[in-house]
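Reading through the structure tokens given below for one structure.
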Amino acid sequence: LPSAGAVAAMGRYSGKTCRLIFMLVLTVGFFVAELVSGYLGNSIALVSDSFNMLSDLISLCVGLSTGRIARRSRRGPRATYGYSRAEAVGALSNAVFLTALCFTIFVEAILRLARPEPIDDAQLVLIVGTLGLAVNLVGLLVFQDWGHGHGSRSDTASSSPKSQKSLLCC
């Protein structure tokens, strides 16, 4: 059984924060796995997907930090309207990163078309690529109820402040 301190610490996180942390840990693991196996297998597909995972990782970190900034309860007299818009700035920075990543992958793909290279371990590439797809599907399932504002189950279950405070991790 968890200690009282552990339960109290878990109680300060909302379900969304726990989901972000869960996906953050999962994404870090698969970023490293795809990057290493992409270079071992000489696969541009896995290397590019690993950097897509890196983009997801950055998005999750930005989401955690900007969500915390946006929810600050104590705001001094110098606090401005911009604190609540931190998530939009984070999304913009992630979009810039993704654009640069797409350009880099495009250039590498053109170079590979000009000078094709064989894939060293096709079975490794297939297995890790399939597991990467599974991680993306898990992320889709974990975050599928975000953005709904039309009385979905998750909106009605967590609409009152009391139910938000009593919600333990995940």
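The values are calculated or read from the model by the stated rules, or taken from the named source; none is laboratory data. Treat the numbers as computed from the prediction; the structure is a model and nothing was measured. Please note: Cβ atoms are built from the backbone with ideal geometry, for glycine as well, and neighbour counts cover all protein chains shown. Surface areas here come from the heavy atoms of the whole protein model, side chains and all, with no ligands, DNA or RNA. Shrake-Rupley method; radii C 1.70, N 1.55, O 1.52, S 1.80 Å.
Numbers below:
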{"item": "All positions within segment 53-81 that are open to solvent by less than 40 Å² (accessible area, probe 1.4 Å) and modelled with pLDDT under 80", "result": "63, 66, 67, 70, 79"}
{"item": "Every pair of residues 6+ apart whose Cβ atoms lie under 9 Å, when the first sits in segment 91-110 and is under 16 Å from residue 50 (Cα atoms) while the second is open to solvent by 60 Å² or more (accessible area, probe 1.4 Å)", "result": "101/51; 104/51; 105/51"}
{"item": "Failed condition for residue 120, given (1) more than 16 Å from the chain's Cα centre (by Cα); (2) modelled with pLDDT under 80; (3) acidic (Asp, Glu)", "result": "(2)"}
{"item": "Residue 99 vs. criteria farther than 22 Å from residue 41 by Cβ, among the hydroxyl-bearing types (Ser, Thr, Tyr), loosely packed, with under 12 Cβ neighbours inside 10 Å and at pLDDT 85 or above", "result": "yes"}
{"item": "Residue among 37, 50 that is under 30 Å from residue 111 (Cβ atoms), modelled with pLDDT of 85 or more and touching a Gly at 6+ places or on another chain (Cβ under 8 Å)", "result": "50"}
